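To start, the structure under review is shown below, and the notes come after it.
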Amino acid sequence: MKKLFVIIAVLFYSAAHAQSAEVSAAKPTLNEINIEAIINQKYPSCKILSPTDLNEGLQSYLIKSLGHQTPGIVPTDLTGDGIKDYAVLLRCKNKKAPNRVTEKFAILVGKGNNKYDWNFIAKWEDKLSLDNLYLTLIEPSTLKDVNDGKEVQLTNAGVELNLFEAAARVYYFENGKIKFVQVSD
Amino acid sequence: MLSSTYIRITVIGFALCFATTASARYIESDPVGLTADNQNGTANHLYVYANNNPIAYIDPKGLFHYKDGVPAAGAEVEAGLRCMDKELGTDLGISGGGECVEPHNTADATRGHCAGKAADISDRMNSGLIVNKVICAAKKCGFKYAKKEKDHADVKTHTDLANRSGDISQYNCDCSK
């Protein structure tokens, strides 16, 4: 009987250890730690979405298929002014209802000297969105809108907001304004 | 003695519970029936629940199954999906249905997901299925739009006249491939 317990304990420990190894590999870089501190200062109840917030199917897809593990942040120059901007998915706790979580998509436009203009674009509370949203970087390219068939030329990088296996939009800047192309629906 | 008995009962209980959860079977067969496609290794089983993954998927009607958190699509789409489920001989995994959230197109409440007139058929949840067969099945089952997108196939009960690329009537359907 004791042997059985030892075997079960070893199996649980191995599973937990494997999980923590994956999570530790997803630690953000120095720049992201800096932006995380800025976010924490402005919105203490919010954190950048991490891989462990997502369902197992999406975690596996992100690691194996896309080879990246930062689903909640895309650091890049979206506006083309030479200053780094950040697209982020934030998980925010509700102060009045601690069990409720809201997810928010925001683009922080860099102004230099660690100053940012905050642009909140969308928010979600449903389970499907909370488990399945992630961001990816889109290099300058030509994209086609699935709804109206129109082509859009991205002169700067864009950020793709994905609902895993369901829908995706690419957000980009044009003449200082945020626009999007529906690339999957 | 007492603690030994308690531990033994706990372990047996754990083992029984584990076996019951892992079996994940209906006690009656799937009403779609047996139309297995053994050539692709995607044979269905009449007593399998939610593609043998009851934690991640739900299958309230014992037919195709939705991913956890996905609201049901409208009646016309569900009828089409039931038909596709039978046509493809598999327990079809649906990753998008009646949800009306961004990044879906939420601007038009009369079409697409916001109107319950669309569904997304996940590549990952339907491993082994060939895109051509999915689109052919969609055409046979009355869908008007079908298109392969990034990580899923999108089916709709209407076409978008401004963009004919997913118009299923224009799809040259060779169901043997």
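Bear in mind these aren't lab numbers, they're just calculated from the coordinates by the rules spelled out. Everything quoted here is computed from the prediction, not taken from an experiment. Neighbour counts run over all protein chains shown; Cβ positions are idealised from the backbone, glycine included.
Model label sites at A:I83 and B:S169, defined 7 Å from Cα along the beta-carbon direction, differ in position by 5.3 nm.
Which residues in the stretch A:32-52 place their backbone N less than 19 Å from a point set 7 Å from the Cα of A:T76 along the Cα-to-Cβ direction? Within reach of a label on A:T76, which here means backbone N under 19 Å from a point 7 Å along Cα→Cβ, the stretch A:32-52 contributes A:32-33, A:35, A:49.
Here r is the Cβ-Cβ distance between A:K42 and B:V131 and R0 is 56 Å; the resulting FRET efficiency, rounded to 0.05, is 0.80. When A:F120, A:F173 are sorted by how many other C-beta atoms sit within 10 angstrom of their C-beta, beginning with the fewest, the order is A:F120, A:F173. Rounded, prolate or oblate: pick one for the stretch A:32-87, where a ≥ b ≥ c are the square roots of the eigenvalues of its C-alpha gyration tensor, a/c under 1.5 means rounded, and failing that, prolate if a/b is larger than b/c, else oblate. It is oblate, given that a/c is not under 1.5 and a/b is not larger than b/c. Our note on the geometry: Cα centres of the stretch A:104-121 and the stretch B:87-140, 35 Å apart. In terms of surrounding Cβ atoms within a 10 Å radius of their Cβ, B:H65, B:H104 rank from fewest to most as B:H104, B:H65.
Remark: the stretch A:28-184 carries a charge dipole of roughly 680 debye about the Cα centre, counting +1 on each Lys and Arg Cβ and -1 on each Asp and Glu Cβ. With the simple spin-label model, which puts each label point 7 Å out from Cα in the Cβ direction, the A:N119 to A:S141 separation comes to 2.1 nm. Take each residue in A:137-148, count the other chain C-beta atoms within 10 Å of its C-beta, and the mean is 2.
When each of A:W118, A:W124 is scored by the number of other beta-carbon atoms lying within 10 Å, the sequence from fewest to most is A:W118, A:W124. Taking a sphere under 10 Å around the Cβ of B:P103 and counting the other residues whose Cβ falls inside, with K and R at +1 and D and E at -1, yields a net charge of -2.
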